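Have a look at the structure below before the remarks.
The values are calculated or read from the model by the stated rules, or taken from the named source; none is laboratory data. Nothing here was measured: the structure is a model prediction, and the numbers come from that model. Positions of Cβ are generated from backbone atoms using ideal geometry, with glycine treated the same way; all protein chains shown enter the neighbour counts.
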Amino acid sequence: MTRGAGRLTAFSDGVFAIAVTLLVLEIQPPHDFGHLLRGLGALWPSYLAYMLSFLLIGQVWVNHHVMFDRVRHVDRGVLVLNTLLLMVIAFLPFSTSLLAEALRAKQGLRPSVVVYGGTLWTAAALFNIIWAHLRRTELLDPDLGPFGVRAIGRRFALALVWIGSGVLVGAFVPIAGVVIIAAFLPAYYLPIRGEYGEDDRPPADN
């Protein structure tokens with residue numbers, strides 16, 4: 001049995017909104033108001049982790065819409081897989097807090113980067129699983145065309161390699177791992193040819 005994707009995307013949007021809201025709640029104001037400026041400056045790891053995670057969740061939200069804007073119907077399998085994806089997104093505020101605290105303490109950076117990157121990698125893996133399920137069950141809009149299906153699939157697959165590289169490097173050189181993951185941001189905010197259907201594909205060679 002299939003159903004429209006409207007309720008799924010509405011529920012997903014709500015979870016994304018809650019997740020980005022929870023990020024800022026992890027930033028606690030300094031207790032010593034006699035040295036407030038110094039205390040605010042010492043919170044730089046929280047600001048950095050907040051900004052990175054907010055933009056990453058925003059990026060996931062954008063690509064979630066890219067995916068489900070091209071879906072005609074969803075089945076129970078998609079509902080279950082999307083629920084797992086949202087569970088991972090809702091875990092990201094904890095991973096963000098862990099990373100910020102490790103940066104501030106200058107201890108435990110390697111495991112904190114692995115946990116943070118691993119959370120993002122799991123989300124990317126679920127994107128790929130959902131996309132594969134949509135393709136296999138023919139739930140995608142036929143107007144997307146084979147070129148668009150392949151283009152979006154390649155982008156989702158590349159995310160696994162990119163984030164996975166950041167996790168692997170971060171296990172040995174934490175800051176370098178964070179930089180690799182952060183570099184993921186600009187590339188995946190940009191549109192790609194084919195994601196809007198056959199009319200968006202590159203011109204054929206003559």
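Over 12 Å from the mean Cα position of the chain (by Cα) and closer than 16 Å to GLY170 by Cα - does that describe any residue in the range 38-53? Checking the range 38-53: at least one residue is over 12 Å from the mean Cα position of the chain (by Cα) and closer than 16 Å to GLY170 by Cα.
A quick yes/no check of all residues on (1) over 21 Å from SER12 (Cβ atoms); (2) among the hydrophobic types (A, V, I, L, M, F, W, C); (3) in contact with a His (Cβ under 8 Å, 6 or more places away or on another chain):
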residue	(1), (2), (3)
LEU126	no, yes, no
PRO142	yes, no, no
PRO146	yes, no, no
ALA151	yes, yes, no
LEU158	yes, yes, no
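Restricting attention to the range 143-155, the residues that are under 17 Å from LEU185 (Cα atoms) and touching a residue at least 60 places away in the same chain (Cβ under 8 Å) total 2. Residues in the range 1-33 that are among the aromatic types (Phe, Trp, Tyr) and exposed (fewer than 15 other Cβ atoms within 10 Å of the Cβ): PHE11, PHE33.
Listed here are the residues, each with its yes/no results for (1) free of Cβ contacts under 8 Å to residues at least 40 places away in the same chain; (2) assigned to a helix (DSSP H, G or I); (3) more than 18 Å from TYR50 (Cα to Cα).
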{"site": "VAL66", "(1), (2), (3)": "no, yes, yes"}
{"site": "VAL80", "(1), (2), (3)": "yes, yes, yes"}
{"site": "LEU86", "(1), (2), (3)": "no, yes, yes"}
{"site": "VAL113", "(1), (2), (3)": "no, yes, no"}
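The combined condition, being part of a helix (DSSP H, G or I), surrounded by 16 or more Cβ atoms within 10 Å (Cβ to Cβ) and out of contact with any strand residue (DSSP E or B) (no Cβ under 7 Å at 6 or more places or on another chain), is fulfilled by LEU103.
So which residues in the range 34-77 are hydroxyl-bearing (Ser, Thr, Tyr) and buried (at least 18 other Cβ atoms within 10 Å of the Cβ)? Matches in the range 34-77: SER46, TYR50, SER53.
Of all residue pairs spaced 6 or more apart or on separate chains, those with beta-carbon atoms under 9 Å, a first member in the range 31-51 that is under 12 Å from GLU101 (Cβ atoms) and a second member that is part of a loop (DSSP other than H, G, I, E, B) and of a type in the set (Asp, Glu) are SER46/GLU26; ALA49/GLU26. Filtering the range 125-141 to residues that are free of Cβ contacts under 8 Å to residues at least 40 places away in the same chain and not in a loop (DSSP other than H, G, I, E, B) leaves ALA125, ASN128, ALA132, ARG135, ARG136. Pairing each residue of the range 161-179 that is under 17 Å from SER53 (Cβ atoms) and surrounded by fewer than 16 Cβ atoms within 10 Å (Cβ to Cβ) with any residue that is at pLDDT below 95 and aliphatic (A, V, I, L, M), provided the two are 6+ apart or on different chains, yields no C-beta distance under 6 Å.
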